[in-house]
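To start, the structure under review is shown below, and the notes come after it.
Just so it is clear, none of the values below were taken in a lab; they were calculated from the coordinates. Nothing here was measured: the structure is a model prediction, and the numbers come from that model. Ideal geometry is used to build each Cβ from the backbone, glycine not excepted, and the neighbour counts take in all protein chains shown.
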Amino acid sequence: MSGRLSSAGFFPCETLKTIMTIKSTIAAVAASPFLLAGAAFAGPYVNVESNLSYPDGDYSAATTDVHIGYEGTVGADGSIAYYVQGGPSLVHSETTDDTETEISGKIGASVPVTESLGAYAEISGATAGEDSDGDTIRNWGAKIGAKFTF
């Protein structure tokens with residue numbers, strides 16, 4: 001997992017471009033009705049995200065997640081937003097020039113701290129093949145952050 005940029009927070013590489021596969025394009029078209037909905041929309045969605053790795057400027061890997069998710073709000077005033085998403089993760093490696101299909105998912109939430117400051121957190125997980133004993137490798141990630149608006 002070294003050198004792979006992901007929304008879970010591995011940041012040693014610079015994202016230079018996004019490559020979408022035909023499956024990703026189909027998923028994006030399926031999600032287009034949700035893109036026209038207002039910001040208050042709660043319910044199911046499709047999220048297609050591609051993360052590429054370019055250590056020292058040379059392409060090494062790409063991971064494209066094609067997730068189906070659900071988002072909503074909770075709390076007395078509905079101020080806590082949450083989402084849960086998961087699905088296939090297409091992992092391409094330049095070394096083997098092969099693409100493997102793994103499973104990945106994310107769960108996250110955000111909450112307003114003040115009128116102009118919000119806090120968010122996300123936990124993500126993905127399978128990554130098998131180890132030498134034949135057991136499934138599971139990679140976990142987490143991120144936490146704050147967003148200040150003007």
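Give the order of Ile137, Ile68 when sorted by the count of other beta carbons within 10 angstrom, beginning with the fewest.
Working: Ile137 12, Ile68 16.
So the ranking, lowest neighbour count to highest, is Ile137, Ile68.
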For the range 75-150, just list the percent of Cα-Cα distances falling in each 5 Å bin from zero outward, please. 3, 13, 17, 17, 15, 11, 9, 8, 5, 3, 0
Quick one: check the C-alpha center-to-center distance for the range 40-73 versus the range 87-102, whole angstrom. 14
Taking the number of other C-beta atoms within 10 Å as the exposure measure, put Val113, Val91 in order starting with the fewest. Val113, Val91
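Quick check on the exposure proxy: order Ser60, Ser89 from fewest to most C-beta atoms within 10 angstrom.
Values: Ser60 17, Ser89 22.
Ranked by crowding around the Cβ, least crowded first: Ser60, Ser89.
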Could you run the Karplus curve 6.51 cos²θ - 1.76 cosθ + 1.60 with θ = phi - 60° over the range 120-133 and give me ³J(HN,Hα) per residue in whole Hz, x for Gly and Pro? 9, 8, 8, 10, 10, x, 8, 6, 9, x, 10, 7, 5, 8
